[in-house]
Amino acid sequence: MSKVVKFGGSSLANAEQFQKVGSIIRSDSERRYVVPSAPGKRFGSDTKVTDMLYACYDLAEQERDFAKELRDIEERYQEIIDGLGLEISLKEEFRVIEKSFREKAGSNYAASRGEYLNGIIMAAYLGYEFVDAATVIFFSENGEFDGERTNQILSERLAGCEKAVVPGFYGAMPDGTVKTFSRGGSDITGSIVAKAVKADVYENWTDVSGFLVADPRIIHHPQAIDVITYRELRELAYMGATVLHEEAIFPVRQEGIPINIRNTNAPEDAGTWIVGSTCQKSRYVITGIAGKKGFCCVNIEKDMMNSEIGFGRKVLQVFEENGISFEHVPSGIDTMTVFVHQDEFVDKEQKVVAGIHRVGNPDSIDIESDLALIAVVGRGMKSTRGTAGRIFSALAHSNVNVKMIDQGSSELNIIIGVANEDFETAIRAIYDIFVVTKL
């Protein structure tokens with residue numbers, strides 16, 4: 001049995017948090033492979049080390065003095081080393097970093113040093129072997145993650161390690177230069193390592209006890225989710241649920257490895273299990289609610305649209321030619337609506353409108369802005385009648401006007417469009433009807 005454990009920045013912000021992490025790892029001999037993030041905030045007004053590194057490198061790029069900023073970063077790590085009572089020094093590492101900054105090694109390299117240095121400390125603290133991610137995680141020439149090469153080399157490398165620390169967030173390009181994943185990419189590294197070692201479980205430790213049914217910034221103390229499927233998670237993550245980087249799902253999903261989201265500050269909590277499939281019913285009809293603001297919709301009307309072959313393709317091709325991806329395309333007999341991100345669309349709207357007129361000759365085009373999309377997700381909806389009706393009822397009672405509703409054929413999720421100003425009210429109404437009152 002083996003477990004891969006990934007710890008987020010808040011779990012490794014200072015020596016005290018490191019000690020909590022050490023206790024968690026040592027309490028289970030199966031926790032053999034550790035993926036650390038860079039140190040996060042120690043308190044509300046603090047700065048994450050990754051952000052400190054970005055700021056420091058910006059000065060280097062501008063050929064301005066960055067000695068103080070680099071010294072501040074070094075002190076953050078020294079504070080952790082001293083607090084743990086370790087007899088290691090990062091002086092040489094910081095000399096290399098300073099030289100690399102002066103030589104303009106790139107912002108990817110700069111940002112990756114947060115995880116790299118934390119990995120060195122973690123390995124020394126645990127007595128585990130340190131494996132530099134740049135030697136085992138690879139990207140192709142075009143900057144895409146090279147899963148096949150990574151899995152082969154990482155598997156071979158870790159086969160000879162009983163216990164190892166692999167820093168999160170970064171890997172290497174074919175020429176050896178450091179390349180990072182997007183922010184939060186340590187989640188992806190954990191998933192990649194779990195796949196490579198064929199782990200039984202991938203534990204992702206953070207500062208919350210798993211996934212919550214809704215955003216705690218909107219719902220006061222929302223209920224936790226016990227078990228969620230990969231498909232449900234994908235829908236919620238895409239619509240804004242941020243506990244786990246959405247790309248972290250794919251490597252472990254391919255191998256059928258479950259993910260367990262746990263709380264470093266409450267290790268006794270069971271957290272949320274993310275699985276391929278399950279016979280366990282969720283506590284409520286819905287599994288979760290998530291959403292995003294900042295959309296607009298393009299409403300296209302044309303008589304006999306339904307009988308015009310290729311009309312939808314031609315309209316969507318106009319968006320493609322302008323580099324705009326669409327979110328949803330609900331349609332009627334003579335209408336078609338395209339939802340897009342407002343910030344992507346606003347500077348190109350007249351080009352898009354002209355393009356649609358050119359290829360489709362519609363009767364009218366109307367644009368509505370400042371919209372939000374909300375996903376109501378749940379495997380239990382398929383076997384429960386009246387879910388959409390209850391959503392409509394809850395929103396009507398809260399005086400929320402529904403701009404759009406779209407349900408996929410899988411009956412796994414329902415997407416609702418509302419005005420930005422109604423976003424929080426709508427989520428509270430949906431949460432109340434399914435979780436609080438359980439109607």
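Listed values, structure above:
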item	result
Extension gain (nm, one decimal) between Asp58 and Ile218, 0.36 nm per residue minus Cα-Cα	54.1 nm
At 1.002 mPa s and 20 °C, Stokes diffusion of segment 264-342 via Kirkwood alpha-carbon radius, µm² per second	128 µm²/s
Rg(Cα)/(2.2 N^0.38 Å) for segment 180-245, N = residue count	1.21
Contour minus Cα-Cα distance for Asp347 and Arg95 (0.36 nm per residue)	86.2 nm
Glu255 accessible area, 1.4 Å probe, all protein chains in place, Å² to nearest 10	90 Å²
Extent along principal axes [Cα atoms of segment 373-439; Å; largest to smallest]	31, 24, 15
Kirkwood Rh and Cα Rg combined as Rg/Rh, segment 184-309	1.10
Coordinate range along principal axes, alpha carbons of segment 44-105, Å, largest first	37, 31, 16
Within segment 233-295: Cβ-based charge dipole about Cα centre, in debye rounded to nearest 20 (Lys, Arg +1; Asp, Glu -1)	260 debye
Surface share of carbon and sulfur [accessible, 1.4 angstrom probe, percent] for segment 129-260	46 percent
With every protein chain in place, segment 272-336: carbon and sulfur % of accessible area (1.4 Å)	52 percent
Segment 384-438, accessible area per residue, ligands and nucleic acids excluded (1.4 Å, Å²)	48 Å²
Sequence-separation-based contact order of the chain, relative, with Cα cut under 8 Å and 6+ spacing, percent	13 percent
Degrees between helix 91-102 axis and first principal axis of the chain (Cα, 0 to 90, nearest 10)	50 degrees
Surface accessible to a 1.4 Å probe, per residue, for the residues of segment 34-133, Å²	46 Å²
Cβ charges +1 (Lys, Arg) and -1 (Asp, Glu), total dipole of the chain, debye	1140 debye
Cα-derived Rg over Rh, computed across segment 268-393 with Rh taken as Kirkwood radius	1.10
Accessible-area order (highest first, 1.4 angstrom probe) of the listed residues Glu74, Glu268, Glu411, Glu16	Glu268, Glu16, Glu411, Glu74
Structure-based [θ]222 nm, the chain - -39500 (n - 2.57) summed over DSSP H runs of at least 4, per residue, nearest 500	-11500 deg cm²/dmol
Partner lysines for Lys314 [C-alpha distance under 19 Å; skip if fewer than 8 residues away on the same chain]	Lys302, Lys348, Lys351
Debye, to nearest 20: dipole size of segment 23-86, +1 on Lys, Arg Cβ, -1 on Asp, Glu Cβ	380 debye
Largest-first ordering by accessible area, 1.4 Å probe, given options Tyr284, Tyr54, Tyr202	Tyr54, Tyr284, Tyr202
Cross-link partners of Lys3 among lysines (Cα-Cα below 24 Å; sequence separation of 8 or more within a chain)	Lys20, Lys163, Lys195, Lys198
Kirkwood hydrodynamic radius of segment 143-205, Cα pairs, Å	12.4 Å
With 5 Å bins from 0: P(r) over segment 320-438, alpha-carbon pairs, percent	2, 9, 19, 19, 18, 13, 9, 7, 3, 1, 0
Rounded to 5, the percent of DSSP beta bridges in the chain classed as antiparallel	65 percent
Alpha carbon Rg of segment 25-174, scaled by the compact-globule rule 2.2 N^0.38 Å	1.09
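The values are calculated or read from the model by the stated rules, or taken from the named source; none is laboratory data. Treat the numbers as computed from the prediction; the structure is a model and nothing was measured. Here the Cβ is made from the backbone with ideal geometry for all residues, glycine too, and neighbour counts use every protein chain on show. Only protein heavy atoms, including side chains, enter the accessible area calculation; ligands, DNA and RNA are left aside. Shrake-Rupley method; radii C 1.70, N 1.55, O 1.52, S 1.80 Å.
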